[in-house]
Amino acid sequence: MLKFAIEFNYSLPTSKTLVVGTLGPAGTSSEEALEYVVEQLQLEGLSITTKLFDNFSQLKEALVSEDVNLALVPHAYHNINDFYMEPSFELSFIFIYPTPSYGLAKKPINQFDINNCTILTHPAPLPLLSYLLPDYEQQKSIKVKLVDSTSVAAKEVSEGLAELAITNEKAAEKYGLEFIKTYGKIKMSWSIFQKI
């Protein structure tokens, strides 16, 4: 069986506090993975501050400008090459950490026509829609709108801006939504980058 190990290498700032960033707002799968990373780093006696960003482009700019020391990015992010191909970045670590369970969520009190609704999703879990709603492609009145995170999708459904969201259970709970169909956890791989 193929096995390999990679040591987590990072530069400790002069302030002795590592600032680690990822995609927000609160409730994203990225935030959950970030909490895991923070727990592991704190076991090493490090002081950690976290920052959540509206999108990964803002996270990249924060790493370029050194507003964060480390950037946590899931491999499902469709433009992860922006981090890998940035000459001033270096890969510090890769690991696997599962996401919270994903599903199709709605407001508990809402009644809606499944054949005439709007579904919000981040681009990464969009392929789950064919599992969560198998015949959606035949429904001409279903609109799919892309947003910056699964947490934003849940928040906007809670505000009545759409009927359904592909989101994770953490965000669904935070914004008072219920799943009408679940997919489950996703075994996700993650990269942590630092500036050289």
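The values are calculated or read from the model by the stated rules, or taken from the named source; none is laboratory data. Everything numeric here is computed off the predicted structure, so don't read it as measured data. In this analysis, Cβ positions are derived from the backbone assuming ideal geometry, glycine residues included, and neighbour counts consider all displayed protein chains. When the accessible area is computed, the model is the full protein with side chains, heavy atoms only, and any ligands, DNA or RNA have been set aside. Shrake-Rupley method; radii C 1.70, N 1.55, O 1.52, S 1.80 Å.
Restricting region 37-49 to residues that are assigned to a helix (DSSP H, G or I) and not charged (D, E, K, R), which is surrounded by the most Cβ atoms within 10 Å (Cβ to Cβ)?
37
Can you tell me how many residues within region 50-65 are farther than 18 Å from residue 170 by Cα and open to solvent by less than 60 Å² (accessible area, probe 1.4 Å)?
Within region 50-65, residues that are farther than 18 Å from residue 170 by Cα and open to solvent by less than 60 Å² (accessible area, probe 1.4 Å) number 7.
If residue 190 satisfies all but one of (1) surrounded by fewer than 22 Cβ atoms within 10 Å (Cβ to Cβ); (2) at pLDDT 95 or above, what's the number of the condition it fails?
(1)
Being farther than 22 Å from residue 102 by Cα, of a type in the set (A, V, I, L, M) and open to solvent by less than 90 Å² (accessible area, probe 1.4 Å) is the filter here, so list the residues in region 1-25 that pass it.
6, 12, 18, 19, 20, listed by residue number.
Of everything in region 169-196, what is of a type in the set (Ser, Thr, Tyr) and either farther than 30 Å from residue 7 by Cα or not in a strand (DSSP E or B) (or both)? Give them in sequence order.
175, 182, 183
For residue 85, are the conditions met, namely being at pLDDT 95 or above, open to solvent by 60 Å² or more (accessible area, probe 1.4 Å) and of a type in the set (A, V, I, L, M)?
Numbers: at pLDDT 95 or above: yes; open to solvent by 60 Å² or more (accessible area, probe 1.4 Å): yes; of a type in the set (A, V, I, L, M): yes.
Answer is yes for this residue.
Okay, residues lined up against (1) hydroxyl-bearing (Ser, Thr, Tyr); (2) surrounded by fewer than 19 Cβ atoms within 10 Å (Cβ to Cβ); (3) in contact with a helix residue (DSSP H, G or I) (Cβ under 6 Å, 6 or more places away or on another chain):
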{"residue": "101", "(1), (2), (3)": "yes, yes, yes"}
{"residue": "109", "(1), (2), (3)": "no, yes, no"}
{"residue": "159", "(1), (2), (3)": "no, yes, no"}
{"residue": "163", "(1), (2), (3)": "no, no, no"}
{"residue": "184", "(1), (2), (3)": "no, yes, no"}
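For a quick check of your reading of the model, give me the residue pairs whose first member lies in region 26-55 and is in contact (Cβ under 8 Å) with a residue 40 or more places away in the chain and over 15 Å from residue 100 (Cα atoms), whose second is part of a helix (DSSP H, G or I) and open to solvent by 10 Å² or more (accessible area, probe 1.4 Å), with beta-carbon atoms closer than 9 Å and at least 6 apart or on different chains.
So the pair list comes out as 54/152.
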